[in-house]
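Worksheet: the structure to be examined is printed underneath.
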Amino acid sequence: MLVLREVLRRGSVSAAARAAFVSQPAATQAVAALERYFGTALFARTSAGMVPTEAGSLAAPRIERALELLREGVAEAARGTAARDAALRSVSVAQLETLVSVVEHTRFAAAARAAHRSRPTVHRAARTLEQRLGVVLFEATSHGLQPTREAVRLAHRTQRAFAEIDQARAEVLALRCAGTGGTVIGAMPLARSILVPSAVLEFAEHYPAHQVSILDGPYESLLHELRVGRTAFLVGALREPAPFPDVVEERLFDDPLALIVRAGHPLASQRTMARDALLQYSWIAPRAGSPLRRRFNEMFEKANLPLPTSPIECNSQVASRALLTNSDRIMLLSALQVHQELQSGQLVAIPHPHGRVVRTIGLTIRRDWRPTAVQHDLLEAIRRTAARYALEA
């Protein structure tokens with residue numbers, strides 16, 4: 001990537017080779033390898049020198065951003081400017097991939113299995129990277145060699161740099177086949193049950209060749225995937241304020257909450273929930289630390305009642321539905337989230353005892369993320385879908 005940037009700046013492979021401190025044949029091979037990766041020519045060879053093609057011009061800003069992320073990561077890890085500059089020239093993609101794999105799997109053996117490489121090969125690549133940076137990236141513990149904090153920080157920057165290159169490749173491929181590429185969406189419970197599927201189906205009618213993957217899981221896990229660049233954005237309940245300075249939140253709509261019970265529940269015919277009834281039945285509580293759990297706790301605090309003892313904590317819609325339909329338990333939940341069950345008569349929604357109480361549903365995005373044109377349209381599909389639900393709410 002360093003060579004490609006220098007070719008873009010200088011219009012010559014030989015000049016780029018001198019600037020990157022590599023031989024001209026090595027520079028030529030580096031450009032050829034990137035062109036194979038992108039599947040097209042990034043430069044036109046003319047008598048005036050190397051001129052970027054449309055694909056080259058399109059890829060250039062993201063390649064520059066990827067290099068900046070690597071530069072920042074190496075600067076955090078390497079000791080001194082000299083070590084940093086030398087590392088930028090000498091560190092290989094294979095070594096960085098090894099670092100990411102070891103950090104992800106926390107063990108050399110697991111990283112080697114995941115990469116289909118031998119453990120000595122992985123160990124050697126990691127140690128070479130360590131030597132070139134001049135900093136300890138792996139330390140001996142009672143559980144074996146473990147990545148240091150410096151290793152984790154560099155791995156996260158590297159993952160985001162790789163994500164930028166993937167974005168660049170998607171944009172270049174779209175020049176030949178519009179709408180190609182892929183997007184991974186992190187979806188929290190309400191989003192994955194109703195909002196994201198509706199938006200993705202609308203989007204797919206216009207971009208059938210674009211691969212959309214919907215990833216679920218605990219918020220903390222989804223946030224990590226977002227911050228290292230493995231997901232494009234998250235959709236779901238906002239934390240307000242955003243938990244880290246490198247992510248931003250965008251409000252989509254306010255989601256009203258209700259008390260959900262099974263059909264035939266003794267309280268199912270109630271238009272309002274009496275204060276004493278809040279402790280009359282057992283509860284299913286939202287997961288600790290979630291925005292919904294805060295609303296759950298506030299409901300009892302405002303009623304001057306103690307929190308229920310030993311509620312069943314559940315963040316799974318499937319499990320929640322089974323718990324509700326097979327017991328007299330109550331759950332504070334979004335009526336939108338169980339819209340189908342309410343429509344079919346399986347469940348019943350009782351208004352919140354304190355009137356209109358909402359949680360905010362929205363997008364969480366990396367502050368420096370730049371969507372492709374197709375991803376921009378996917379975001380717009382989600383915003384349009386959310387606007388329709390806002391009217392219903």
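Numbers for the structure displayed
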{"item": "The range 307-325, residues that are without any contact (Cβ under 8 Å) to a residue 60 or more places away in the chain, among the hydroxyl-bearing types (Ser, Thr, Tyr) and not in a loop (DSSP other than H, G, I, E, B)", "result": "320"}
{"item": "Residue match in the range 17-30 (condition: closer than 27 Å to residue 126 by Cα, touching a Ser or Thr at 6+ places or on another chain (Cβ under 7 Å) and not assigned by TED's automatic domain parsing to the domain that holds residue 156)", "result": "yes"}
{"item": "Qualifying residues in the range 106-123 (those that are within 25 Å of the chain's Cα centre (by Cα) and more than 13 Å from residue 144 (Cα to Cα)) - the one surrounded by the fewest Cβ atoms within 10 Å (Cβ to Cβ)", "result": "114"}
{"item": "Residue in the range 334-344 that is under 18 Å from residue 386 (Cα atoms), of a type in the set (A, V, I, L, M, F, W, C) and over 26 Å from the mean Cα position of the chain (by Cα) present", "result": "yes"}
{"item": "Residue check, residue 320 surrounded by fewer than 16 Cβ atoms within 10 Å (Cβ to Cβ), of a type in the set (S, T, N, Q) and over 27 Å from residue 241 (Cβ atoms)", "result": "no"}
{"item": "Members of the range 281-306 found to be assigned to a loop (DSSP other than H, G, I, E, B), free of Cβ contacts under 8 Å to residues at least 60 places away in the same chain, surrounded by fewer than 18 Cβ atoms within 10 Å (Cβ to Cβ) and touching a strand residue (DSSP E or B) at 6+ places or on another chain (Cβ under 9 Å), listed by number", "result": "281, 282, 288"}
{"item": "Residue satisfying condition, being at pLDDT 95 or above, buried (at least 16 other Cβ atoms within 10 Å of the Cβ) and aliphatic (A, V, I, L, M), within set 336, 378", "result": "378"}
{"item": "Residue that is nearest to the chain's Cα centre (by Cα), among those in the range 207-237 that are part of a loop (DSSP other than H, G, I, E, B) and at pLDDT 95 or above", "result": "231"}
{"item": "Test: residue 42 is closer than 25 Å to residue 170 by Cβ, buried (at least 16 other Cβ atoms within 10 Å of the Cβ) and not assigned by TED's automatic domain parsing to the domain that holds residue 167", "result": "yes"}
{"item": "Residue match in the range 326-346 (condition: touching a Ser or Thr at 6+ places or on another chain (Cβ under 7 Å) and part of a helix (DSSP H, G or I))", "result": "no"}
{"item": "Residue within the range 188-206 that is in a helix (DSSP H, G or I), among the acidic types (Asp, Glu) and free of Cβ contacts under 8 Å to residues at least 40 places away in the same chain present", "result": "yes"}
{"item": "Subset tally (residues that are within 16 Å of residue 371 (Cα to Cα), small (Gly, Ala, Ser) and modelled with pLDDT of 85 or more) for the range 169-191", "result": "5"}
{"item": "Qualifying residues in the range 145-185 (those that are assigned to a helix (DSSP H, G or I) and among the β-branched types (Val, Ile, Thr)) - the one farthest from residue 112 (Cα to Cα)", "result": "172"}
{"item": "Any chance residue 76 is in a helix (DSSP H, G or I), closer than 30 Å to residue 172 by Cα and outside the structural domain of residue 30 (by TED's automatic domain parsing)", "result": "no"}
{"item": "Residue 71 vs. criteria within 21 Å of the chain's Cα centre (by Cα) and not assigned by TED's automatic domain parsing to the domain that holds residue 212", "result": "no"}
{"item": "Leading residue by the ranking (surrounded by the fewest Cβ atoms within 10 Å (Cβ to Cβ)) among those in the range 157-206 that are outside the structural domain of residue 88 (by TED's automatic domain parsing) and of a type in the set (Asp, Glu)", "result": "205"}
{"item": "Test result for residue 64, at pLDDT 85 or above, out of contact with any Leu (no Cβ under 9 Å at 6 or more places or on another chain) and either surrounded by 17 or more Cβ atoms within 10 Å (Cβ to Cβ) or not hydroxyl-bearing (Ser, Thr, Tyr) (or both)", "result": "no"}
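The values are calculated or read from the model by the stated rules, or taken from the named source; none is laboratory data. As the structure is a computational prediction, the values presented were derived from the model and not from experiment. Reconstructed Cβ throughout: ideal geometry from the backbone, glycine too, with neighbour counts over all protein chains shown.
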